[in-house]
1. Examine the range 1-19 for a residue that is surrounded by 14 or more Cβ atoms within 10 Å (Cβ to Cβ), assigned by TED's automatic domain parsing to the domain that holds residue 111 and not in a strand (DSSP E or B), and state whether such a residue exists.
2. When you go through 53, 64 one by one, which is the residue that is under 18 Å from the mean Cα position of the chain (by Cα), modelled with pLDDT under 95 and assigned by TED's automatic domain parsing to the domain that holds residue 4?
3. Spot the failing condition for residue 169; the list is (1) surrounded by fewer than 23 Cβ atoms within 10 Å (Cβ to Cβ); (2) modelled with pLDDT of 95 or more, and only one is missed.
4. Looking at 111, 81, which one is within 21 Å of residue 229 (Cα to Cα) and in the same structural domain as residue 27 (by TED's automatic domain parsing)?
5. Just to be sure, is residue 210 farther than 21 Å from residue 105 by Cα and in a loop (DSSP other than H, G, I, E, B)?
6. Search the range 176-207 for residues being under 22 Å from the mean Cα position of the chain (by Cα) and not in a helix (DSSP H, G or I), and hand back the single one that is nearest to residue 138 (Cα to Cα).
7. Among 101, 72, which is the only one that is at pLDDT below 95, closer than 21 Å to residue 30 by Cα and crowded, with 17+ Cβ neighbours inside 10 Å?
8. Restricting to the range 118-175, and then to whatever is within 11 Å of the chain's Cα centre (by Cα) and not assigned by TED's automatic domain parsing to the domain that holds residue 233, can you tell me which residue is nearest to residue 228 (Cα to Cα)?
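The values are calculated or read from the model by the stated rules, or taken from the named source; none is laboratory data. Computed from a prediction, not measured in an experiment: that's the story for all the values here. Neighbour counts are summed over all protein chains in view; Cβ atoms, including those assigned to glycine, are modelled from backbone coordinates with ideal geometry.
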């Protein structure tokens with residue numbers, strides 16, 4: 001259906017197009033991932049100014065026509081997340097957060113909880129570079145996995161249901177596994193297991209800390225879950 005559309009959005013990515021336009025990759029609460037063209041935005045006198053920079057949270061007026069791309073007709077800034085530009089680690093973490101959302105939720109299916117999680121993550125990173133840590137990035141990705149429907153099984157063996165002697169993690173099985181089922185698993189220390197449980201149970205701003213060995217194990221678990229069940233290869237998370 002063609003006509004005017006209004007939507008909040010996070011600008012995931014912005015690409016130059018032609019002499020003065022930009023193609024925007026957007027994530028919206030009710031349309032999921034979508035694309036739009038901002039015509040003339042690179043001209044000095046553009047009415048959009050700097051409102052459509054990557055990682056910005058914006059309120060967009062759009063026109064939906066026959067093209068796969070919406071056309072931006074108006075834009076108001078909700079949160080520019082300007083603090084990201086002052087810290088390289090925070091900016092990098094924001095880019096990896098947006099990339100993870102784009103890879104895991106690449107359709108027009110609505111996931112408002114993912115949109116709000118991304119806005120929360122960008123706000124945390126912009127507010128303080130202290131959040132630009134590997135622990136924060138992994139907590140964010142664990143919550144994305146849950147939203148995608150393949151969060152890790154952590155309470156019992158994902159293969160047989162045993163609740164004792166949990167010794168490893170299997171991406172194929174979908175979570176922790178016991179000693180009898182660990183043939184295709186890698187070792188998961190108690191600290192890594194505890195991190196995942198706490199990260200999923202706490203608000204993103206209260207992501208727990210952990211030693212590097214435990215965080216490496218958690219990242220491997222997240223990566224395997226995304227690959228086995230989401231058929232998505234995530235970029236490596238990096239510590240600030």
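1. no
2. None of the other options fit; the residue is 53.
3. Only one criterion is unmet by residue 169, namely (1).
4. 111
5. So residue 210 fits the description; yes.
6. Residue satisfying both the conditions and the ranking: 207.
7. Selected residue: 72, the only one of 101, 72 that is at pLDDT below 95, closer than 21 Å to residue 30 by Cα and crowded, with 17+ Cβ neighbours inside 10 Å.
8. Ranking the qualifying residues of the range 118-175, first place goes to 118.
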